[in-house]
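Notes for the one structure printed next.
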Amino acid sequence: MGETSPTRASRAQSSRAQDSTDITDSDATVVGPDHPDAPIRDASRLEDLEADSSPPTPRFIQDEGSWKRFKWVPYPVRRAIKYVARWARGPPNPVFIRIDPFFPRIQHLPIVLVDKYLPRKRQRVWAVLGYLSVWIITFALVMRHGLTISEIPGWSVPSAIGCGATFWADGNECGLDGIDCRPFNNGGYAFSCPASCSKRMLLNPHAVGDQEIVYQPLVVGGPPANGSGPAIYRADSFLCAAAIHAGVISDRYGGCGVAKLVGFQPNFTASTRNGISSVGFDSYFPRSFSFEEDLQCEVRDFRWNILAVSVVFSTIFSLFVSSAWLFFFPVFTILFWSVGMALDPPAHADTATLFSIEIGRYLPSMFVAWVMYDKMGIKRTLHGLTAQIEKTVFWLGAAWVGALTNYTLDFIPIQRLTGHDLNQQPGARAALAIIVIILAVIAASQIFFFRQEARLIPMLKLYILFGIGLLILGVLPDLNLRIHHYILALLLLPGTSLQMRPSLLYQGLLVGLFINGVARWDFDPIVQTSYELRGDAPMGSPLPVIHDPIIIWGGINNRSITFTWDPPPDPAYDGISVLVNDVERFRAYFDDEPGTAGMGSQKNVGTHNVTWVRQPGVEANEYFRFAWMQGSMRGDYTKAGKWDTEGKWTKMEPGPSKVKKRGGVDYKVL
């Protein structure tokens with residue numbers, strides 16, 4: 001009654017439409033969308049059918065879109081690259097590796113004890129500070145006791161010297177006739193040597209007469225051939241190595257003694273004693289030394305006491321500390337100061353100087369230690385690790401091995417990673433090949449586990465950047481790439497950022513290697529000039545061209561040899577230096593008046609010739625070397641020519657001799 005007519009009409013229409021729909025749905029045959037008789041519902045379906053009617057597209061054409069810029073790459077290569085890229089991404093569900101401790105109850109016991117007896121944070125802070133304070137005090141007391149040297153009666157307290165100290169400088173460093181290295185005799189020197197001086201070797205060939213010595217300590221002389229009389233050594237011998245050879249001190253513990261200057265000696269005998277082979281010299285030398293016998297001298301070798309104290313303290317600390325950062329930084333400090341002050345210290349005059357050197361290196365080292373910890377994977381490896389015994393054995397044990405490379409890895413016959421050393425040192429290339437193979441195996445293992453954690457691609461990107469950086473540094477003009485201890489450790493450290501047992505071992509070893517490199521050698525630059533790398537090798541300067549000499553061989557008082565030479569190749573060379581038996585006997589400048597340079601009864605020097613007169617009574621070979629002078633600086637010396645006891649001349653071989661200043665951190669002329 002209340003509805004309007006339009007409303008009723010609308011209802012009627014809706015009812016009819018509904019009825020019609022019901023009738024249609026009930027009478028129609030239902031077909032699926034895939035049935036052949038199914039209607040085509042939209043245009044896109046028709047287009048798909050038309051597209052599908054074409055022949056199938058080959059796979060290599062389907063991939064063409066993503067490789068438009070690399071059409072020149074063969075399809076099999078592209079397929080292999082895509083496969084490797086998919087493999088490198090790792091599994092869809094990464095597996096993060098964590099160390100599950102063996103015998104967890106035993107390994108967790110130190111942590112349980114700390115939680116039980118030091119439950120509060122303040123208690124733990126004071127315990128750590130007190131423990132480290134005890135280590136510092138113990139370290140200082142042991143070192144102070146070890147530095148105490150007893151006075152030698154009649155010679156005062158011995159002076160501490162390095163393993164490379166000598167009584168004679170190389171080449172013409174002692175001046176004409178050795179005047180700057182006097183006195184030649186009637187003197188003595190009380191000395192104290194560190195341990196392991198037999199390992200101080202010549203790293204470049206060094207001339208002794210017509211011999212060239214390399215990769216052994218420089219010791220010339222020894223006991224007489226008949227066995228009677230004291231051992232006598234040429235003054236340019238390493239004093240500490242000579243003392244070991246003579247049996248005055250021990251190579252293992254070092255020691256002290258007194259070297260007595262005995263002046264001119266006509267002959268030096270080669271021998272092998274106490275693990276050191278000396279070199280013979282069949283002529284005379286103006287300065288030589290022997291050792292006082294039956295002296296009362298006591299030197300304490302405190303290195304092993306320091307090592308024992310630091311190893312015990314660091315081991316206990318490692319067992320009871322589970323925090324990653326609290327473990328790493330104190331252990332890094334203990335290792336650094338143990339190496340720098342006792343186990344492998346740099347050259348120093350006294351303890352105060354040594355402490356000054358090490359504190360200057362320690363501060364920047366701690367900044368690098370923070371970078372290694374926070375940015376280079378140490379935190380990831382140590383965080384959450386509760387395998388206290390395994391951490392101590394693998395990580396801390398390997399760190400001590402790396403920090404003591406001067407002892408633990410000394411058997412590897414590679415002194416420096418340079419082309420010269422690898423070619424000259426016996427066994428160096430084979431040792432390097434073995435090291436490369438071992439590193440390749442380790443790298444393959446680490447790559448597998450980085451992929452398991454889906455971290456391989458970021459790691460590969462990092463090492464590609466490292467490689468590009470090294471390549472750029474390697475091609476810089478006038479500079480040479482040099483991979484030092486600490487640089488090698490920094491390069492390899494990110495590849496150990498996995499928490500598994502082998503990574504603990506690798507990471508600890510690299511941290512120790514970094515500490516040894518910096519505490520001992522400081523932060524040497526990664527690129528160095530050829531002059532810096534050359535050390536005591538030849539400079540590559542022009543060599544004098546010496547003519548056949550004129551020899552007068554008369555009576556015992558009438559024997560001489562006269563040398564002449566071609567003009568220097570460059571006007572900058574204004575003089576010539578001549579060594580006789582490795583001592584400078586002539587230094588003449590071409591603008592001097594004839595006969596005024598190199599004055600003496602044995603020589604007569606002109607602008608283009610020099611005459612050497614053999615002293616009456618001298619029946620020994622004499623060895624001559626020549627070098628151009630440029631002001632007060634000299635170039636390379638020639639190899640030695642020999643004037644023998646019968647007056648015959650043996651011409652020098654081509655090329656320079658190695659008599660440049662030795663240098664080195666422990667080199668010192670006494």
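Quick notes
- Test: residue in region 444-460 that is part of a helix (DSSP H, G or I), of a type in the set (S, T, Y), open to solvent by less than 60 Å² (accessible area, probe 1.4 Å) and touching a Phe, Trp or Tyr at 6+ places or on another chain (Cβ under 9 Å): no
- Qualifying residue in region 137-153 (condition: crowded, with 16+ Cβ neighbours inside 10 Å, over 30 Å from P330 (Cα atoms) and among the hydrophobic types (A, V, I, L, M, F, W, C)): yes
- Residue that is surrounded by the most Cβ atoms within 10 Å (Cβ to Cβ), among those in region 382-416 that are polar (S, T, N, Q) and either outside any helix (DSSP H, G or I) or in contact with a Phe, Trp or Tyr (Cβ under 8 Å, 6 or more places away or on another chain) (or both): Q388
- Across region 503-534, the qualifying residues are those that are in a helix (DSSP H, G or I) and under 14 Å from P364 (Cβ atoms), and the one among them that is modelled with the lowest pLDDT is W521.
- Filtering region 286-322 to residues that are farther than 26 Å from T148 by Cβ, part of a loop (DSSP other than H, G, I, E, B) and open to solvent by less than 40 Å² (accessible area, probe 1.4 Å) leaves P286, R287, V321.
- Number of residues in region 52-106 that are of a type in the set (V, I, T), modelled with pLDDT under 60 and either closer than 24 Å to A444 by Cβ or not in a helix (DSSP H, G or I) (or both): the value is 1.
- Flag for P266 being surrounded by 17 or more Cβ atoms within 10 Å (Cβ to Cβ) and either under 25 Å from Q216 (Cα atoms) or modelled with pLDDT of 90 or more (or both): no
- Evaluating G171 against the criteria (1) within 26 Å of M341 (Cβ to Cβ); (2) out of contact with any helix residue (DSSP H, G or I) (no Cβ under 7 Å at 6 or more places or on another chain); (3) open to solvent by less than 70 Å² (accessible area, probe 1.4 Å) leaves one unmet condition, (1).
- Qualifying residue in region 598-607 (condition: in contact with a Pro (Cβ under 9 Å, 6 or more places away or on another chain), open to solvent by 40 Å² or more (accessible area, probe 1.4 Å), modelled with pLDDT of 85 or more and not hydrophobic (A, V, I, L, M, F, W, C)): no
- Residue match in region 323-334 (condition: without any contact (Cβ under 8 Å) to a residue 24 or more places away in the chain, more than 25 Å from S192 (Cβ to Cβ), under 32 Å from the mean Cα position of the chain (by Cα) and in a loop (DSSP other than H, G, I, E, B)): yes
- When we screen L439, L488, L465, L493 for residues that are open to solvent by 60 Å² or more (accessible area, probe 1.4 Å), hydrophobic (A, V, I, L, M, F, W, C), assigned to a helix (DSSP H, G or I) and at pLDDT 95 or above, the only hit is L465.
- The set of residues from region 366-381 being without any contact (Cβ under 8 Å) to a residue 60 or more places away in the chain and either part of a loop (DSSP other than H, G, I, E, B) or touching a helix residue (DSSP H, G or I) at 6+ places or on another chain (Cβ under 7 Å) (or both) comprises A369, Y373, K379.
- Among the conditions (1) within 34 Å of the chain's Cα centre (by Cα); (2) in a loop (DSSP other than H, G, I, E, B); (3) closer than 29 Å to R585 by Cβ, S283 misses just one, which is (1).
- Selection count, region 185-204, where residues are surrounded by fewer than 18 Cβ atoms within 10 Å (Cβ to Cβ) and either within 24 Å of the chain's Cα centre (by Cα) or aromatic (F, W, Y) (or both): 2
- Strands (runs of 3 or more DSSP E) fully within region 161-246 counting 2 or more residues that are modelled with pLDDT under 90 and either of a type in the set (A, V, I, L, M, F, W, C) or farther than 30 Å from M629 by Cβ (or both): 185-193
- Among the residues of region 224-257, those identified as over 18 Å from S277 (Cβ atoms), in contact (Cβ under 8 Å) with a residue 40 or more places away in the chain and more than 32 Å from the chain's Cα centre (by Cα) are P230, G257.
- Here Q499 clears all of (1) part of a loop (DSSP other than H, G, I, E, B); (2) open to solvent by 50 Å² or more (accessible area, probe 1.4 Å); (3) more than 30 Å from V610 (Cα to Cα); (4) at pLDDT 90 or above except the condition numbered (2).
- Condition check for P477: part of a loop (DSSP other than H, G, I, E, B), under 21 Å from V371 (Cβ atoms) and either in contact (Cβ under 8 Å) with a residue 24 or more places away in the chain or not basic (K, R) (or both): no
- Qualifying positions in region 545-558 - closer than 18 Å to K642 by Cβ and open to solvent by less than 40 Å² (accessible area, probe 1.4 Å): I546, P549
The values are calculated or read from the model by the stated rules, or taken from the named source; none is laboratory data. On a predicted model such as this, the values are computed, not experimentally measured, just so you know. Reconstructed Cβ throughout: ideal geometry from the backbone, glycine too, with neighbour counts over all protein chains shown. The accessibility values were calculated without ligands, DNA or RNA, using every heavy atom of the protein model including side chains. Shrake-Rupley method; radii C 1.70, N 1.55, O 1.52, S 1.80 Å.
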